[in-house]
Amino acid sequence: MIRAAIADDEVLARRMLRALLAAEPDIELVGECRDGHELVTLLREQTPELLFLDVQMPGLDGFGALARTSHVPVTIFVTAHEQHAVRAFDVEAADYLLKPFDDERFARAVQRARVHVERRRATGDRIAVRDGKGVELVDPEAIDWITALDYYAELHVAGRSLLLREPLQDLETRLDPARFVRIHRSTIVNASRVRRLERLVHGDYEVVLADGTRLRMSRARRKALERLLPP
């Protein structure tokens, strides 16, 4: 099943999309929202794979909502305004449906989206990091450690720093707890990179990674890390 969501401020538009999706046996509707702020929350909590998105919505438009989340599903824009098409494909939209459209056009858009979803599934659970040039897919196993920067998470990968538009606590729920552990309120470490623990004067510890990086660890979090280290 493909988990899908609808974001449109018009009640009739949401009802129409809901009815069309009911005829697609492999698509499960997991949420609907009326504006961009609701959409940001829905994407974080439900993580749909497919999104039917209106552009012009009150408060925060569709593009603004996508810019505020690291989880950008395969997206079909559904709008009455053709002038946004170029911008839509700049964010890698699967299709752009102009209202009004018929059932055949909708079916073609859904089929195109299925292909995109399958391609994403084939890449595994990689983390999409967006910058001004595009998207980099990061294998979690390649991450050495992660730090919190306000509402962002900074990934440290082989000497590089990548800024992810996602709070650390949200990213933590997507990481393998058998590999990643929080060692401080603002730091998560890949346990396979840890080479030694050094005790400091006041009872706290420093974690030393394979590349020599030293990270402060809270005393209360020492046991959680030690459970992931080899005996």
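The values are calculated or read from the model by the stated rules, or taken from the named source; none is laboratory data. Since the structure is predicted, the reported quantities are computational estimates derived from the model, not experimental observations. With ideal geometry, Cβ positions are generated from the backbone for all residues, glycine too; neighbour counts draw on all protein chains shown.
Couple of notes before you dig in:
This table checks each residue for (1) in the same structural domain as L43 (by TED's automatic domain parsing); (2) over 16 Å from R227 (Cα atoms); (3) modelled with pLDDT of 85 or more.
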| position | (1), (2), (3) |
| --- | --- |
| D144 | no, yes, yes |
| L149 | no, yes, yes |
| L162 | no, yes, yes |
| D170 | no, yes, no |
| R174 | no, yes, no |
| P177 | no, no, yes |
| T187 | no, yes, yes |
| A191 | no, no, yes |
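- Among the candidates L29, L43, L66, L60, residue that is of a type in the set (A, V, I, L, M) and modelled with pLDDT of 95 or more: L29
- Some residue of the stretch 110-127 being within 21 Å of R34 (Cα to Cα), in the same structural domain as D54 (by TED's automatic domain parsing) and basic (K, R): no
- Residue selected from the stretch 154-175 under the condition in a loop (DSSP other than H, G, I, E, B) and exposed (fewer than 12 other Cβ atoms within 10 Å of the Cβ), by the criterion nearest to the chain's Cα centre (by Cα): T173
- In the set E28, E24, E32, only one residue is surrounded by fewer than 21 Cβ atoms within 10 Å (Cβ to Cβ), out of contact with any strand residue (DSSP E or B) (no Cβ under 8 Å at 6 or more places or on another chain) and not in a helix (DSSP H, G or I); that residue is E24.
- Of all residues in the stretch 187-210, at least one satisfies being assigned to a loop (DSSP other than H, G, I, E, B), at positive phi and either buried (at least 18 other Cβ atoms within 10 Å of the Cβ) or not hydroxyl-bearing (S, T, Y) (or both).
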